[in-house]
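Every read-out reported here was derived from the displayed coordinates using simple, explicitly stated rules and does not represent laboratory data. Just so it is clear, the model here is predicted, and its values are computed rather than measured. Cβ placement follows ideal geometry from the backbone for every residue including glycine, while neighbour counts extend to all protein chains displayed.
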Amino acid sequence: MASTPSTLLHIFLLLLQSHPSQQQQSSSLCPTDKVALLDIRSNLQDLPGSNFFSTWEFTRDPCATFAGVVCSSDDQHGKQFLRVSVLTLGTGLADSPGLTGSLSPSLANITALTDLVVYSGRISGPIPPDIGVRLRRLRRVSISNNPISGPIPVSLAGLPDLGQNKLRGPIPPLLLLPSSPSLKVLILVANGGLTGEIPREISAAQLLHLDLRGNSITGALPPLPSTLRYLSASANALSGLLDAAFAAPLPDLAFLDLSMNAFTSRVPPAIFALPRLSSLLIQHSNLSGPLAVPPRREASPSWAVVDLSHNMLSGEFPAALAAAGSLYLNNNQLTGAVAEEVSRCLYRGSMTTLYAQHNYLTSFPAPPLTPPDSIALCLSYNCMSLPSAAAIARSLPGSIHFIFIGMCAGCATTLLRNHIFTIIP
Ligand SMILES: *[C@@H]1O[C@H](CO)[C@@H](O)[C@H](O)[C@H]1NC(C)=O
Ligand SMILES: *[C@@H]1O[C@H](CO)[C@@H](O)[C@H](O)[C@H]1NC(C)=O
């Protein structure tokens with residue numbers, strides 16, 4: 001039977017229809033990535049109680065079935081391939097103990113990777129040293145609560161301006177990460193073992209979020225990337241001066257936590273002038289000197305929290321800190337009266353917490369206002385005279401939850417030394 005135009009059209013339509021399914025078959029996971037996933041799998045195991053790897057069955061399509069693997073299509077030499085773009089190791093669920101083992105160096109072969117997330121577990125050993133150099137598309141690295149550690153003997157190819165002497169001694173893995181040009185988020189939290197200094201190269205990175213909490217990082221805080229919005233480096237062993245880190249503009253920095261380090265520094269006045277800063281936390285960090293807080297500009301948003309407690313800050317109580325919602329200046333060496341603006345903001349309710357205990361403050365100018373019920377005010381262990389303390393107590397309604405007004409151990413007045421008034425309704 002001769003083909004009629006309609007059967008030809010039918011065949012033509014069938015061919016058209018078959019095209020998408022053929023393409024689907026040809027775009028399978030790139031073999032390099034598949035080998036890398038095999039290596040990663042063979043270096044890691046579920047801890048008892050975790051079943052993260054139950055879906056990692058290599059006879060099946062990793063992109064379609066593996067937990068934690070997300071693929072994207074990618075052109076390689078004109079051939080369509082799927083590449084692993086997101087790799088999440090572990091479930092991140094609070095009741096899952098996570099994974100154990102080590103991170104395979106093959107990780108550096110997944111060159112289309114944009115996101116690497118490793119959840120809490122017992123993964124130890126180094127971060128594969130060259131991932132920052134080889135994974136040029138990395139945008140986010142987050143490795144939390146695993147006993148990952150340095151030092152790493154690495155090939156340092158691709159790193160700019162690295163002095164020869166830097167090659168000796170422990171080299172922290174983070175030295176290598178900022179060299180990935182697209183890296184935006186770097187989270188290496190509470191791994192405990194990261195050592196060495198934060199590399200100066202980091203100031204040229206385009207990081208938005210840097211979290212290095214709970215490691216053993218030493219040295220001074222280098223100049224920060226101008227793009228930064230979030231920085232935590234608390235609970236490390238950072239030292240030295242802070243001014244250089246804040247010398248250049250940081251227009252977007254909203255969260256800053258440098259608590260629990262051992263600086264030998266004042267609080268750089270530039271920190272108080274950061275236009276977007278909302279949380280300023282540098283407690284227990286050996287800060288000293290007077291607090292120079294420039295007057296707030298009209299447009300500046302107020303700080304949600306300023307915590308500079310447990311340092312050696314001296315001098316007067318800065319009036320401009322009245323713009324804080326919660327202010328912790330306790331356990332310092334501040335002298336003179338609490339700034340009047342501060343007490344007014346507290347009694348008006350725009351400030352809800354003022355901790356100023358354990359200083360050498362001589363008075364608290366209680367404004368002629370009735371404060372809201374919800375404020376927390378703590379003024380114990382200062383150098384207030386009894387009449388001054390009594391005046392504060394009279395100004396407060398019975399509903400204030402706790403207030404301690406007392407004398408400091410180092411005061412000249414010995415009569416009421418260490419005496420604390422505690423008014424609890
Ligand atoms: C990366 O892939 C190349 C070739 O695809 C291979 O020779 C090499 O061993 C791999 N590297 C690692 C660390 O697996
Ligand atoms: C704290 O800072 C002072 C100088 O302000 C310095 O002499 C001292 O060594 C520092 N302490 C620590 C533990 O770093």
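Brief remarks follow.
- Region 58-124: translational diffusion in µm²/s, Stokes-Einstein, Kirkwood Rh over Cα pairs, 25 °C, 0.890 mPa s: 184
- Loop-located trypsin sites (Lys or Arg not before Pro) in region 47-97 (DSSP state other than H, G, I, E, B) with a sparse environment of at most 13 neighbouring Cβ atoms within 10 Å: 60.
- With a cut-off of 18 Å on the backbone N, the residues of region 282-304 near the modelled label site 7 Å out from residue 340 along Cα-Cβ are 295-296.
- Among the chymotrypsin sites (Phe, Trp or Tyr not before Pro) within region 56-100, those in coil by DSSP and having at most 16 neighbouring Cβ atoms inside 10 Å are 58.
- Amide hydrogen proximity for residue 238: with H placed 1.01 Å from N in the peptide plane, the residues at 5 or more positions away or on another chain lying under 5 Å are 262.
- Length added when fully stretched, residue 312-residue 391, from 0.36 nm per residue minus Cα-Cα: 25.6 nm
- Percent of Cα pairs exceeding the 22 Å cut-off, where the set is region 240-379: 33
- Taking amide H atoms as placed 1.01 Å from N in the peptide plane, the amide H of residue 89 lies under 5 Å from those of 117, 118, 119, each 5 or more residues away in sequence or on another chain.
- Gain on full extension, evaluated as 0.36 nm per residue between residue 136 and residue 93 minus their Cα-Cα distance, stands at 12.5 nm.
- The convex hull drawn around the Cα atoms of region 180-328, when projected onto a plane and averaged over every direction, covers 8.1 nm².
- A simple spin-label model places the labels of residue 28 and residue 226 4.9 nm from each other, with each point 7 Å out along Cα-to-Cβ.
- Whole-Hz ³J(HN,Hα) from phi, Karplus 6.51 cos²θ - 1.76 cosθ + 1.60, for region 54-59, glycine and proline x: 4, 8, 7, 10, 6, 7
- Residue-wise HN-Hα couplings along region 362-369, as the Karplus relation 6.51 cos²θ - 1.76 cosθ + 1.60 with θ = phi - 60° gives them from phi, are 9, 7, 10, x, 5, x, x, 9 Hz; Gly and Pro carry x.
- Stretch gain in nm, segment residue 204-residue 286, where the contour uses 0.36 nm per residue and the Cα spacing is subtracted: 26.7 nm
- Calculated FRET efficiency, residue 38 to residue 348, Cβ-Cβ distance, R0 = 51 Å: about 0.20 to the nearest 0.05.
- Mean Cβ neighbour count within 10 Å, used as a protection proxy, ranking 35-45, 256-266 highest first: 256-266, 35-45
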